[in-house]
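The values are calculated or read from the model by the stated rules, or taken from the named source; none is laboratory data. Owing to the predicted nature of the structure, the values given are computational and were not obtained by experimental measurement. Backbone-built Cβ (ideal geometry, glycine too); neighbour counts: all protein chains shown. Just so you know, the surface numbers come from the protein's heavy atoms only, side chains and all, with ligands and any DNA or RNA stripped out. Shrake-Rupley method; radii C 1.70, N 1.55, O 1.52, S 1.80 Å.
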Amino acid sequence: MLSKKTKYGIKALTYIAKKACEEPVSISEIAKSENISQKYLESILLSLKKAGVLSSKKGKQGGYYLLKPSSEIQMSKIIRTLEGPIAMLPCVSLNYYEKCDDCPDENACSVHKLMIEVRDSTLKILENTSLADYTS
């Protein structure tokens, strides 16, 4: 299940991408438009800034803006930044792998095999989908 943090992050990024202007977009404008708590949104946008998705400008005309064109920002990057692993189990995660304590043999585990298929299908969609796909 997608967390509110990730849902709000995608909404905020989509809003910024739709603006497609030279001026940064203020947190208050995004929060009001997308019905997100401004304080919560600040935390989300800071995470995206640290991940290199956004940058910000301080001051009266300040706000956030995309560092790359929205067509170059993969949904997989956004999900991993805000949600963490894409895989449903740590034993099938590409970036956050951990062996399951209750599984003596991953290769013989039916759940492991199923979750690899789920991960691969999900990853294919997220890596072939950009922020631009949801801004028109």
Practice task
State whether the residues of the range 57-64 include one that is in contact with a strand residue (DSSP E or B) (Cβ under 6 Å, 6 or more places away or on another chain), open to solvent by 40 Å² or more (accessible area, probe 1.4 Å), outside any helix (DSSP H, G or I) and not charged (D, E, K, R).
Solution key: no
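Quick one: which residue in Glu83, Glu106 is surrounded by 14 or more Cβ atoms within 10 Å (Cβ to Cβ) and under 18 Å from Thr129 (Cβ atoms)?
On the way: Glu106 fails: under 18 Å from Thr129 (Cβ atoms).
From the options Glu83, Glu106, the qualifying one is Glu83.
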Exercise for the section: Looking at (1) at pLDDT 95 or above; (2) open to solvent by less than 60 Å² (accessible area, probe 1.4 Å); (3) polar (S, T, N, Q), find the lone condition where Asn35 falls short. Expected result: (2)
Practice task
Could you tell me which numbered condition Asp120 fails, if it satisfies all but one of (1) closer than 21 Å to Lys7 by Cβ; (2) part of a helix (DSSP H, G or I); (3) not small (Gly, Ala, Ser)?
Solution key: (1)
Exercise for the section: Can you confirm whether the range 1-9 contains a residue that is closer than 30 Å to Cys109 by Cβ and surrounded by 14 or more Cβ atoms within 10 Å (Cβ to Cβ)? Expected result: yes
Handout entry: Criterion (in contact with a helix residue (DSSP H, G or I) (Cβ under 7 Å, 6 or more places away or on another chain), among the β-branched types (Val, Ile, Thr) and open to solvent by 30 Å² or more (accessible area, probe 1.4 Å)) met by exactly one of Ile125, Ile116, Ile73
Key = Ile116
Practice task
Tell me which residues, restricted to the range 47-56, are surrounded by 13 or more Cβ atoms within 10 Å (Cβ to Cβ) and of a type in the set (S, T, N, Q).
Solution key: Ser47, Ser56
Handout entry: Close pairs (6 angstrom Cβ cut-off, 6 or more residues apart or separate chains): closer than 16 Å to Ile86 by Cα and assigned to a loop (DSSP other than H, G, I, E, B) in the range 97-117, of a type outside the set (Lys, Arg) and open to solvent by 40 Å² or more (accessible area, probe 1.4 Å) anywhere
Key = Glu98/Pro90
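Could you list, in sequence order, all residues of the range 1-33 that are over 12 Å from the mean Cα position of the chain (by Cα), part of a helix (DSSP H, G or I) and either of a type in the set (Val, Ile, Thr) or farther than 20 Å from Ile73 by Cα (or both)?
Filtering the range 1-33 for residues over 12 Å from the mean Cα position of the chain (by Cα) gives 1, 15-33.
Add one more test, that the residue is part of a helix (DSSP H, G or I), and what stays is 15-19, 27-33.
Residues satisfying the conditions are Ile16, Ile27, Ser28, Glu29, Ile30, Ala31, Lys32, Ser33.
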Practice task
Just one of (1) surrounded by 14 or more Cβ atoms within 10 Å (Cβ to Cβ); (2) more than 20 Å from Ser130 (Cα to Cα); (3) touching a residue at least 12 places away in the same chain (Cβ under 8 Å) trips up Ile44, so point out which.
Solution key: (2)
